[in-house]
Amino acid sequence: MKMSNMYMPTLREVPAEAELPSHQLLLRAGMMRKLVSGVYTYLPLGYRVIRKVEQICREEMDAAGSQEFLLSALQPKELWEASGRWQDFGPEMFRLTDRNEREFCLGPTHEEYFTSVIKDEVKSYKQLPLNIYQIQTKYRDEKRPRFGLMRGREFIMKDAYSFDVDEEAMEKAYQIMWDAYDKIFTRLKLKYKVVQGDTGAMGGKVSHEFMAMSDVGEGVVAYCDHCDYAATDEKAEVVYNVLEDNTEILEMERVHTPDVKTIDDLNKFLNIDKSKFGKALVYKVAGKPVVAIIPGDRELNEVKLVNYLGVGEHELEIADEETIKEITGANKGFTGPVGLSKDARLLVDSRITKMKNIVVGGNETDYHLKNVNYGRDFEGEIVEDLLLVVEGDICPTCGETMKMDRGIEVGNIFQLGTKYSDSLNAKFLDEDGKEKSFVMGSYGVGVTRSVAAIVEQYHDEDGIQWPLVVAPYHVIITVVNAKNEEQIELGEKLYKELISLGYEVLLDDRNERVGVKFKDRDLIGIPIRVTVGKLAGENVVEYSLRDSKDKTEVNADTVKELVLDEFVKAELK
Ligand code: ATP
Ligand code: MG
């Protein structure tokens, strides 16, 4: 492509709305533009990268024996009612009604739809295993669309679904997809970790997330270097050992704590360690109050809470002051488990039941209670683990200290079981002629999010540094002075030669100052660069790579070999 004719609206200024490097650089490099919050237009350079990421997904899915479909984004309500997710997806689902008042959604994912597609045609165990996929646009009305391609309301996903005769066969299919994802993310040059994930609204018990490691990632991972345990903070099991305490169980005491509302204030006021407090968190779940009591030195994990309650995350809200007053009779900040209104459901983290003589809110404004003990003073629903993991927690597998890091969830695989086949009545006849539900798995790669993740891992202060495998073009030839015959001639010659060898090449033949050309080429991040300048008459050009400061003067005839070397190094040839 000749840049004199290319649609590449680069920006010098950092767009005010963009916080993350990937968001800023994809806008600045003229790769995309925003339509409305969370919805983007892919411009030519950006779309080339997206298509390359799609193609890598396609090749690895095909190689793993999966077959490509393309389903509609528009899906009728009935499919989602059957699985219960018309309700469960809540406000994240884009819904619409046709002229005949029939309701639809724009698919946030396709478990129901794929299941319904195959169920009338796959009737026998002989047709299994089956693995099918698509690369398609998804719609989710995210609460906080942000960070450009990272969290869009419209985004491209590669989604796959497996159908098997039993759990064991499904586990095999799961492993095949895991391996395919390893290949995809390795080819994309992402530095990533595979971690246990929460299954959430998807259903099923086992899931793994592929996390591209990045300080700006929205995901948090707890992992252990001593064994291979790794999980998202939503999922990570918390080992919280209550210290052995031989003190007597003491008489409960009411203490005046005027205006002392937070655990920190209480810690200062009473001079008692936070681990001796029972912290109360008040929520409204589907309109009903729920109080959770956890050790005072920890935070609550809301995903564990909604999983225990069996509701969607969107059904959980922090209770307002009025609700708090109704169930405690007190202002906010003094909620506790003793004497709480029966209208509130009381959940107790299991560690609280092992702690002695704790301090809790008194359900009376400006009062707390000391020496409160589970069993004697209150009872509730005991929940094994409601805690959020923190740095330094003990690994649940080997007992060593864990570390924490941030990551971008670029892929997610799920063992679904029969949730969708049961609810959509998708059955086959097994070897003994018995009717059985398909045992399913589902597997997603965030295509557009992966593009953002690559930029997060590959950029510097001047712009993007695309790995060769996904770069919009492989080589950029910059003609320093486009009005100089010798320079333009040599530039064109190299351009044609490299194209004829199958490389994707940009020729910067614009009548621009050379500084502008260099700035643009840094910004758009083309990996291999050839500069045709003053020495063109001697058939000499400058050769450099985007991710290195080295420049060398080389004979123009050797450029094709140097480019080939880069392809060999990148294992692309
Ligand atoms: P998240 O937890 O980040 O909201 P999710 O777990 O809801 O994502 P999945 O249902 O697992 O997402 O979707 C499969 C993949 O699609 C994700 O791993 C992610 O890479 C991508 N993805 C999900 N939501 C978005 C989004 N809003 N924008 C871009 N990509 C997304
Ligand atoms: Mg996910």
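The values are calculated or read from the model by the stated rules, or taken from the named source; none is laboratory data. For clarity, every value in this text was computed on a predicted model and none was experimentally measured. All Cβ positions, even for glycine, are placed from backbone atoms using ideal geometry, and neighbour counts span all protein chains on display. Surface accessibility is based on the protein's heavy atoms, side chains included, excluding ligands, DNA and RNA. Shrake-Rupley method; radii C 1.70, N 1.55, O 1.52, S 1.80 Å.
For this structure, a couple of remarks:
- By the beta carbon rule, with partners counted only under 4.7 Å, the chain holds these lone Cys residues: 57, 105.
- Charge-dipole axis of the range 473-569 as Lys and Arg at +1 and Asp and Glu at -1 on Cβ define it, positive-most pick from 475, 514, 501: 514
- Share, in percent, of DSSP beta bridges within the chain that are antiparallel, nearest 5: 80
- Here the extension length gained between residue 11 and residue 101 equals 27.9 nm, from 0.36 nm per residue of separation less the Cα-Cα distance.
- 335, 262, 418, ranked by accessible area, largest first (probe 1.4 Å): 262, 418, 335
- A 1.4 Å probe run over the protein chains yields, for the chain, 46 Å² of accessible area per residue, whole-number rounding.
- DSSP-defined antiparallel bridges as percent of all bridges, the range 253-383, nearest 5: 65
- Taking a point 7 Å out from the Cα of residue 331 in the direction of its Cβ, the residues of the range 255-275 whose backbone N falls within less than 12 Å of it are 257-262.
- Taken along the Cα-to-beta-carbon direction at a fixed 7 Å, the label points for residue 514 and residue 288 span 7.5 nm.
- Relative contact order of the chain, defined on C-alpha pairs under 8 angstrom at six or more residues apart (%): 17
- Three-way shape call for the chain based on the alpha-carbon gyration tensor, with the a/c threshold at 1.5: prolate
- Phi angles of the range 557-570 translate, via the Karplus equation with coefficients 6.51, -1.76, 1.60 and θ = phi - 60°, into HN-Hα couplings of 5, 8, 4, 4, 6, 5, 5, 4, 3, 4, 5, 5, 4, 7 Hz per residue; Gly and Pro are given as x.
- Selection from 226, 202, 185, by position along the positive dipole direction of the range 179-236 (Cβ): 185
- Estimated dipole of the range 59-127 in Debye, rounded to 20 [Cβ of Lys and Arg +1, of Asp and Glu -1, Cα centre]: 280
- Base-10 log of normalised Debye intensity for the range 1-116 (one unit scatterer per alpha-carbon) at q = 0.15 Å⁻¹: -0.95
- With every protein chain in place, the chain: carbon and sulfur % of accessible area (1.4 Å): 47
- Each Cα pair under 8 Å and six or more residues apart adds its separation to the average, and for the range 473-569 the resulting relative contact order is 29 percent.
- FRET efficiency, 1/(1 + (r/R0)^6) with R0 25 Å, evaluated for residue 168 and residue 242 via beta carbons: 0.05
- Full-extension gain in nm, residue 504 to residue 142, via 0.36 nm per residue minus C-alpha separation: 126.7 nm
- Area of residue 374 that stays accessible when all protein chains are in place (1.4 Å probe, Å², to 10): 50
- For residue 299, the residues 5 or more places off, or on other chains, whose built amide H falls under 5 Å of its own are 388.
- Cβ charges +1 (Lys, Arg) and -1 (Asp, Glu), total dipole of the chain, debye: 1400
- With Cα atoms, 0 to 90° folded angle of helix 167-187 axis to the chain main axis: 50
- Put 345, 529 in order of accessible area, highest first, and with a 1.4 Å probe you get 345, 529.
- Between the range 54-119 and the range 397-455, the alpha-carbon center distance in angstrom: 15
- Listed residue (341, 308, 375) projecting farthest to the positive dipole end of the range 253-383, Cβ model: 375
- Probe 1.4 Å - accessible area at residue 1, Å² to nearest ten: 70
- From helices alone, the chain scores -7500 deg cm²/dmol at 222 nm; the rule is -39500 (n - 2.57) for each run of n ≥ 4 DSSP H residues, then divide by the residue total.
- Charge dipole magnitude, Cβ of K and R +1, D and E -1 - the range 473-569, Cα centre, debye nearest 20: 340
- Residue 41 - accessible surface, heavy atoms, 1.4 Å probe, Å² rounded to 10: 60
- Number of Lys pairs (Cα under 26 Å; 8 or more positions apart or on different chains) in the range 304-423: 17
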